[in-house]
Each structure stands twice: as C-alpha cells, then as structure tokens.
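Engineer: So that we are looking at the same thing, I have put the structure below in structure tokens.
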Amino acid sequence: MIWILLLILAALAAAAFVGGRTLAQGRFRGVRAHSRPAQHGAYALIWVAAPALVVLMLAGIFAAPIERQLTAAGTPDAVAALEPFRREAFFADAHRLGRGEPALQIWERPLAEQLPVEARRMVRVERTLQWGAAVAAVLAAIMGGLFAFSQIRPNVRARNRVEGWIWGALFVCSAVAVLTTIGIIASLAFDAFRFFQHVPVTEFLFGTQWSPQIAIRADQVGSSGAFGAVPLFAGTLLIMLIAMLVAAPIGLLSAIYLSEYAGRTARAVIKPVLEILAGVPTVVYGFFAALTVGPALRVFFNEIGLFLIGGPLDGLGQYLALVQNQMALTAGAVMGIMLIPFVSSLSDDILNAVPQSLRDGSFAMGATKSETVKRVLLPAALPGIAGALLLAAVSRAIGETMIVTMAAGLAANLTFNPLDTVTTVTVQIVTLLTGDQEFNSAKTLSAFGLGLTLFLVTLMLNIVAQRIVQTYREQYD
Amino acid sequence: MGGQVLPEAAPAQTPDRPEPRMEDAEPAPGPTVVDTPPSGPIKIAARDVSVFYDGKQALYDVSLDIPDKTVTALIGPSGCGKSTFLRTMNRMNDTISGAKVTGRIAMDDEDINDRSIDPVLLRARVGMVFQRPNPFPKSIYENVAYGPKIHGLVSAKSEMDGVVESALKRAGLWEEVADRLQSSAMGLSGGQQQRLVIARAIAVNPEVILMDEPCSALDPIATARIEELIDELRERFCIVIVTHSMAQAARVSQRTAFFHMGRLVETGDTETIFQNPRERRTLDYITGRFG
C-alpha cells in the first residue's frame, strides 16, 4: 500500500519536472527568463514531493492516536468495562485478528464474541485512515504542483528558490545529527537528575566507596548502597594511563618510522596491517586480554613473587603471589595495543603535514635523519600530536568498554597498583544496565549519573584537544 | 669567444621544435668542453653527470667546471635539469627514493660520490638555500645555531653567540633582528627569512653555497638585498645559483651555464654568454624567444 503510494508520488514528481520544464520552454519562447526551464522543472518537482511527504509524515505521527480515539469511541460496554491493561490487550488481539493472525489470549464469553466484530471494525478504521492519508498526500502533491506551475513566469527566480530548498534540505540533515546529540544529552541529564535526587552530587563525586547493591533486608551483607564514584574514575584513569604509556611511545615511534624511514615497500605492507589492527572489534581484544595476556601476566608476576619471597604466604609475598587474572595492567596494556594504530596513523598524518622544505633544509645543513626528526620534525609536530592523542586516544581509552569489562574486573578498589583488580566507569554502566532493571532504584539510575559525568569529561578533553590542534595548525598558515 | 661553432651544433637552428632525444642528435661523446674555461682555481668539477628518477633520465652527461670564489649561474627553461644538477653537488638527490646519479663530481679533486664520503659531512661543506624560505619553526637564534649544534662546532654558549652574530651579520640581517633573537623565525618577512636561511647555511662555514632560485618567492626590494648579499658572499664562498631571471644571472654571476632539456648547452663567462652566445638555443633563450 505505502509502496504503491510512494511510487505514485514519485511518478507525479517526475511528471511535474518534465511538465514544468516543457511548460517553461513554451512560455519563455522569445523572452529573456530569469531561470532556465529545467530549474522551473526542479521547482515543480520539489513542490510536488515536499507537501506530499509532509502529509505522509504527519499521518505517520498522528495515525496511531487518531485510530485509538476512533476505536475507543465505539467500544462495546463489555470492553470499556475492562481494566486499562486488559483493554489494551484486547485491542491488540483484535488487531492481530484483523491482520489474519491468531489471538494471543483466550477471551471469555462476552468478549470472545466481540473480538471478531471489533477486529472487523478496527480493520475498517485503519483502512479509512490509510486511504485518507493517501488521498490527502496525492491531493497535496497535485496542489503543490499546480502552485509551482502557476509560478512559471519569466521573472520568477526559480533558480534561487530551488537553491533555497536545497539549502534547507541539507540543513535539516545536519540538524538531525545535532538534535540527536542534544536528545541523548537531555535523556542522560534527565535520568542523571533523577539519580541525584537519591544520592547527593557531592557524595557521588567525592565519595570513595562504590557499592551499588542496596540492601533489601537490614541484615544483608555487602549491600551498603554506597555511590562514591571516585574508585571508578581512579580505575578509569589508571587503565587509561597504562594504555597511553603503551600506545603513545610505540605509536609515535612507529609513525616516525613509517613517515621518515620506511621505504616504499615497507610502508605498503605495514600501513595496511596497522589499519587492519584498527579494525579488529574490541571484543576480540577483550578475549585476547582475558584469555591470553591476563593469565600470562598473572603467572609472570606470581613467579616473581615466589622468587622474591620464597613462598606465597608471608608479608609482601602474600600480596605478590595473589595476583589475579583480572588486573588493571592487563586491561591497560591490551587497550594500549588497541590504540597503537590510532596513535600511529594520527601522528603519521601530522608528521606528513610538516612541509618537506623543513626536512630538506635540515638535510642540507648536514643533519642526519634522526637529528632532523628530533630537532625539527618533532618540535614542529609535537603540539599537534599531543592534541591528537588527547582528542582520539584518551577519549577512546576512557570510553572503551569491552576490553575492561572482560579484563579489568568488577571490584571497585581505590588503588593505583596496576596489579590490582580495578573497575571502570564503563564497566559499571554495563553491569548496572544489563539484565532486568527497575528504573526507579538508585542502583540503576546511578548508571546515568556515571554516563553523564563520563560524557562531560570526554567533552572537556575534546575541547582542550581541539584548541591545541588549532593553535598548532596556525603555525604553518 | 666566437669562431668556435662546431658543425654538430646544426640542429640548434630550429630551437622551437623539441629536440629529439636520440643519441645521434647529440655531439659525439668525449670532451665537449669547447667553452672558455674559467680563469680561477676550480672548486667543483663535474664529468658526465647523469641523473635518473625512477629510471627516467633527467640529466644527460653534464660536464661543468665551477670555479672558487665566483658566482656561477645555472639558467634554462623549467624542467631543463638545472636544479637537478644543483642537487647532485650536495647529494640531496640521495634523499629522494628512486633517484640515481652517475658520473663523477669532484670537489677539490675528491669524488663526492665516493663511498668514503659521508653525505652528512659533505653537506656541512656544501650549504644550500632553497626556493622558498624554509626557516625551522624555532627562534631566530636556534635557526642559525642549528648547524653548529648538530656538527658540534662550538661548545660554549658564548662562542655560539659569536657564531650566530657573525653569521647574521654576514647575511646582512643582524641589525634587523639583534633585539629579538629569541622570537620565532616564522614572524620574519619572506626576504628576512631567506637571509636568515642564508645565515643558517654560512654559520657552519661551508666552502660552497648552492642556491635554488633563492629570490623566486620574494618581492623586488627583498630580491635586491639578496643579490647584494650574494655579491658580498662571493669573496669567501664558491656560489652556484639557479635562477629563472636572465637579469639576475647577468647581475650577480661571473660564470653562466645554460641548460636545455637535461643537457648542458653552453657555459662561459656571463658577459660572453649574454652578449655573444655561441649556440643559437642560448641566444633564443636569453632574448626571451622561448622558455
């Protein structure tokens, strides 16, 4: 039905274009017209398509409430007497029946007889609405087309009007992204606000205890219901720092190799491989961290502990020998590996943006490659690289979820020991929002508080990074 | 000179037609030095130098003597190989992947392409100034101190101050920048930047300075300053300058070499080349009939 309608509208639009153009050609014969016939054709096409689409959109938005009104108006008493949720279920079944599907529930005596009647009535209402919408859309199209045809005069500026429509369409497209973002922030802020009605902001931001389980009974153990986010942000920071310690030097040095030292063949091989690495899904890095790196590091550090102390049970040895699979170091190191391609390709771009003339100048002074890199390229490129690191890598590291979920652990320890189990903001959001939720408890809502804080931190980092990159760019302009 | 026109030079009578790149259209190989030799001592002697980029030949068997304490101008239309030849003299072609240089270039009778010569050390002896001013995005002081620093020429800070000052003075820039040595070189004007780059080049006390169209990005006043400077520097250095401007070549150089289509066509004293060229192609080029 809808497809046929769209086809008809498309045909009308095409006809409007051809008709408008032909009409314009006829009317403009021997006259100096402002716009070319094809532009009048395009104008007619827009005036056919746009009103029809608006009508269809309005129909899409308002069809459901209108239909509900109409069906509610004629409900038999037996149905009207039902509780609201039962009534909804009844209508839903009537709908299904109308579409030729079996009902989901078995309805008792008076209702069972009403059901097919209601189904037929609903189908009728629906049909009427659909036909109404279709006719309205076609009418709107025709009226729009007639309006456009009436505008085919030599002095009408169809060219500018078409440009205006195109401007509008492009603006709407970019507005969608912006509005969506605003919507996301709004919903986040709304739920976060509800959370902060349960837990004061200061406790959330400065509390050092994170234990979102709320006791159901007074004597329950381990369910204190503390919402201090400091351990989570500390864990995030720790893992981010470890990741940057891995990714920044390796990525930067590999970028220097690629842009300054590598021959054509080496570059042709290494660059695509790095890009493949960038395309590996983070969940795969998660496996790698949880099943390979984690156990290896555990064995390694426990061996060191045994070697240093001679036994696992005394003093320092107890601590060292009890390293677990899940620790900040595992998550951070694997996240760092994940970030290497990003850091490398960003740094590569920035190094390539340094003019060749600076390299030539340095080489002509008798500088070696490494001297040129150290004294000319890096000083020129470092601010940009720092900005890029902050912009892309740090934001990614903070927002990264899968690796830390699988490799960092769940215990909210406030520690900066990389061998300890820590948890991050994103991990907590995942654990809080997976499974069945009740959206009125502080436990679930705390996820939104975390999300909003994380969002604000990342936003701030992005702004700072943009500034750095901008000041750096001005250097060569 | 005159009177030395060889019969082989006949194809040059149709200069507007692209010269066929065939061996038989060329003068017979061998010592083709029919030009007047330079009078002073020879600093750089190039023999049968050819350059290939990715197997494509850009320079054909160039043999040229470059005298010391003289300005030698390399002229010719775009793509004639004059810059390519210039870059063979400090082995800058080494930095381009796929570039290959054959033939012998001797500096003070020492083959600079010899394996025992380190291009990095060679470039400390042969400075280069580029088409567009390319100061490093550092302070004026750091720019001039760059060469002495990487070559370890000076150790004490006071000594470095002296080197920087004298280089800037010789480049005629000292008075303009003396009070802002620590500010960024990017804030200087184009002409000042180019003089700074010259100061940077002479700070390591090179023997030869190569200039690749050093004034093409400058206005006439800045150009005049650079030309004056080149004339002063001639007393201490061997200077080779690539230029597109006939007038500049006539003004600043004592020797001129005319390149066309990757070949050295003619070389001699600048006066002779401009007033009484031996080759028809040279005459056509300097009188502006092509190029």
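Where a number appears in this text, it was derived from the coordinates with a stated rule and is not lab data. Bear in mind the structure is a predicted one, so any value in this text is a computation, not a measurement. Every residue, glycine among them, receives a Cβ derived from its backbone with ideal geometry; neighbour counts consider all protein chains shown.
Engineer: Report P(r) for the range A:2-156: all Cα-Cα distances, bin width 5 Å, range 0 to the bin holding the largest distance, values in whole percent.
Structural biologist: 2, 9, 15, 14, 11, 9, 8, 7, 6, 6, 5, 4, 3, 2, 1, 0
Engineer: I would also like to ask the following. Any idea what the alpha-carbon Rg over 2.2 N^0.38 Å comes to for chain A?
Structural biologist: Relative to the 2.2 N^0.38 Å estimate, chain A comes out at 1.43.
Engineer: Along the Cα→Cβ direction, 7 angstrom out, place labels at A:L308 and A:Q470. What is the inter-label distance in nm?
Structural biologist: Placing both labels 7 Å along Cα→Cβ, they lie 4.8 nm apart.
Engineer: Among B:D114, B:D231, B:D109, B:D94, which comes first, second and so on when ranked by fewest other beta-carbon atoms within 10 Å?
Structural biologist: So the ranking, lowest neighbour count to highest, is B:D109, B:D114, B:D231, B:D94.
Engineer: Under the Karplus relation 6.51 cos²θ - 1.76 cosθ + 1.60, θ = phi - 60°, what is the ordered set of whole-Hz ³J(HN,Hα) values for the range A:71-83, x standing for Gly and Pro?
Structural biologist: Values per residue, Gly and Pro as x: 5, 5, 4, x, 5, x, 4, 4, 6, 4, 7, 5, 5 Hz.
Engineer: List A:R375, A:R27 from most exposed to least, where exposure is judged by having the fewest other Cβ atoms within 10 Å.
Structural biologist: A:R27, A:R375
Engineer: Tell me, what ³J(HN,Hα) does each residue in the range A:421-436 have, in order and in whole Hz, if you take phi through Karplus 6.51 cos²θ - 1.76 cosθ + 1.60 with θ = phi - 60° and put x for Gly and Pro?
Structural biologist: 6, 10, 9, 10, 4, 5, 4, 5, 4, 4, 5, 6, 10, 9, x, 6
Engineer: Quick one: which residues, 5 or more positions from B:V265 or on another chain, have an amide H under 5 Å from its amide H? H modelled 1.01 Å from N in the peptide plane, none for Pro or chain starts.
Structural biologist: For B:V265, whose amide H was placed from the backbone, the distant partners under 5 Å are B:F258, B:F259, B:H260.
Engineer: About the Cα centre of the range B:40-286, what is the dipole size in debye to 20, counting +1 per Lys and Arg Cβ and -1 per Asp and Glu Cβ, all else neutral?
Structural biologist: Dipole of the range B:40-286, to the nearest 20 debye: 460 debye.
Engineer: Then there is this: Quickly estimate the mean residue ellipticity at 222 nm for chain A, helices only: each DSSP H run with n ≥ 4 gives -39500 (n - 2.57), and the total goes over all residues, rounded to 500.
Structural biologist: It comes out at -24500 deg cm²/dmol, rounded to the nearest 500.
Engineer: So what's the projected area for chain B, the Cα convex hull averaged over all directions, in nm²?
Structural biologist: Hull-based average projected area comes out at 15.5 nm².
Engineer: Still on this model: Quick one: 3J(HN,Hα) in Hz for the range B:229-234, Karplus 6.51/-1.76/1.60 with θ = phi - 60°, rounded, Gly and Pro as x.
Structural biologist: Karplus values, whole Hz, x for Gly and Pro: 4, 4, 5, 5, 5, 4.
Engineer: For a test of understanding, tell me how many lysine pairs in the protein assembly as shown have Cα atoms under 24 Å apart, given they are 8 or more places apart or on different chains.
Structural biologist: Lysine pairs satisfying the spacing and distance rule in the protein assembly as shown number 22.
Engineer: With both bridge residues required to lie in the range B:40-286, what share of the DSSP beta bridges run antiparallel, to the nearest 5%?
Structural biologist: Percentage antiparallel, nearest 5: 60.
Engineer: Calculate the dipole size of the protein assembly as shown relative to its Cα centre from +1 charges on Lys and Arg beta carbons and -1 charges on Asp and Glu beta carbons; express the result in debye to the nearest 20.
Structural biologist: Charge dipole of the protein assembly as shown: 2640 debye, to the nearest 20.
Engineer: With unit charges on the beta carbons (Lys and Arg positive, Asp and Glu negative) and the dipole taken about the Cα centre of chain A, which residue among A:G60, A:A50, A:V427 sits farthest to the positive side?
Structural biologist: A:A50
Engineer: Taking amide hydrogens as modeled 1.01 Å from N in the peptide plane, which residues meet the under 5 Å criterion relative to B:I241, leaving out close sequence neighbours?
Structural biologist: Those qualifying (amide H under 5 Å, at least 5 residues apart or on another chain) are B:T72, B:A73, B:L74, B:M211.
Engineer: Can you tell which of A:G384, A:L358, A:T372 lies farthest toward the positive end of the dipole of the range A:347-394, using +1 and -1 charges on the Cβ of basic and acidic side chains (Lys, Arg; Asp, Glu)?
Structural biologist: The residue sitting farthest along the positive end of the dipole is A:T372.
Engineer: List the residues whose amide H sits under 5 Å from the amide H of B:I96, counting only those 5 or more places along or on another chain, with H placed 1.01 Å from N in the peptide plane.
Structural biologist: Residues meeting the amide H criterion: none.
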